[in-house]
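Below is one structure, written out as structure tokens; the observations come after it.
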Amino acid sequence: MIRIREVRVIDDESQQLGVMPTYKALALAQEKGLDLVEVAPTAVPPVCRILDYGQYKYDLQKREREAKRKQKSQTFKEIRLRVKIDVNDLRTKARRAGQFLDEGDRVKVTVQFRGREMTHANLGRDLLMRAAEMLAEHGTIERQPLLEGRSMYIVMAPLEKRPEKKAEEGSPARAESTQPEGPPSGGETIGDKLAAKGKAPAATADPEPEAAEPEPKAEQE
């Protein structure tokens, strides 16, 4: 029920009819078999449109659904790594991150530092770039490595159009493209491999105990 005495009217063909008494605007709407809907109640005078209210309500609900769908696509998952992460653990986390990207989610890949690992932040950067290479078939880097407090992270965005797979999932060709260099087992860590290449001292030189801090969740949604 419109209680204002005068309103500014727009007809069903989007033509401005100007300001008129509300009763007259209602009569015009009834002549067309349509409704008088207040679309800008805070304007002076309020703006009303002559339209089909049922269709108008349907269009509003459709726009709301589209807005929610776009908002969902802006959320992201998080994968957390350690500088001394085992190679197999890195593969497992990369597979999970790849699933998130394939589902349309953005992924935040975070490396957390302990103790004096902060003095070798380059190890975290190298690890993040290694993870990005493993996820190249699923997404692209949206934000380059950024250091915040005792952690460094990148943001991966899903590919708009994924290339056709050249080999079926689980085949040897696919396994070679997703596995990092180096032996698959034996306890060797990414930090050890990078240190062996001369990029930084091995993480075992850290004199501070690592058991004092709680182990973070492997994945955070």
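The values are calculated or read from the model by the stated rules, or taken from the named source; none is laboratory data. Quick caveat: nothing in here was measured; it's all calculated off a predicted structure. Here the Cβ is made from the backbone with ideal geometry for all residues, glycine too, and neighbour counts use every protein chain on show. These accessible areas exclude ligands, DNA and RNA; they are computed on the full protein's heavy atoms, side chains included. Shrake-Rupley method; radii C 1.70, N 1.55, O 1.52, S 1.80 Å.
Based on Cβ point charges of +1 for Lys and Arg and -1 for Asp and Glu, what charge dipole magnitude is obtained for segment 1-71 about its Cα centre, in debye rounded to the nearest 20?
420 debye
How large is the charge dipole for segment 1-128, taken about the Cα centre, if only the Cβ atoms of Lys, Arg (+1) and Asp, Glu (-1) carry charge, to the nearest 20 debye?
Computed charge dipole of segment 1-128: roughly 1040 debye.
What Kirkwood hydrodynamic radius, in Å, does segment 14-78 give when the mean of 1/r is taken over all pairs of distinct Cα atoms and then inverted?
Final number for the Kirkwood radius of segment 14-78 is 14.2 Å.
I need the peptides 122-130, 32-40, 102-110 ranked by packing, meaning the mean over residues of other C-beta atoms within 10 angstrom, with the highest value on top.
The packing order, highest mean first, is 122-130, 102-110, 32-40.
Send over a whole-number figure in Å² for the accessible area per residue of segment 4-163, probe 1.4 Å.
I get 59 Å² per residue for this part.
Can you pull the one-decimal nm distance between simple spin-label points at residue 64 and residue 28, each 7 Å off the Cα toward Cβ?
Calculated label separation equals 2.9 nm.
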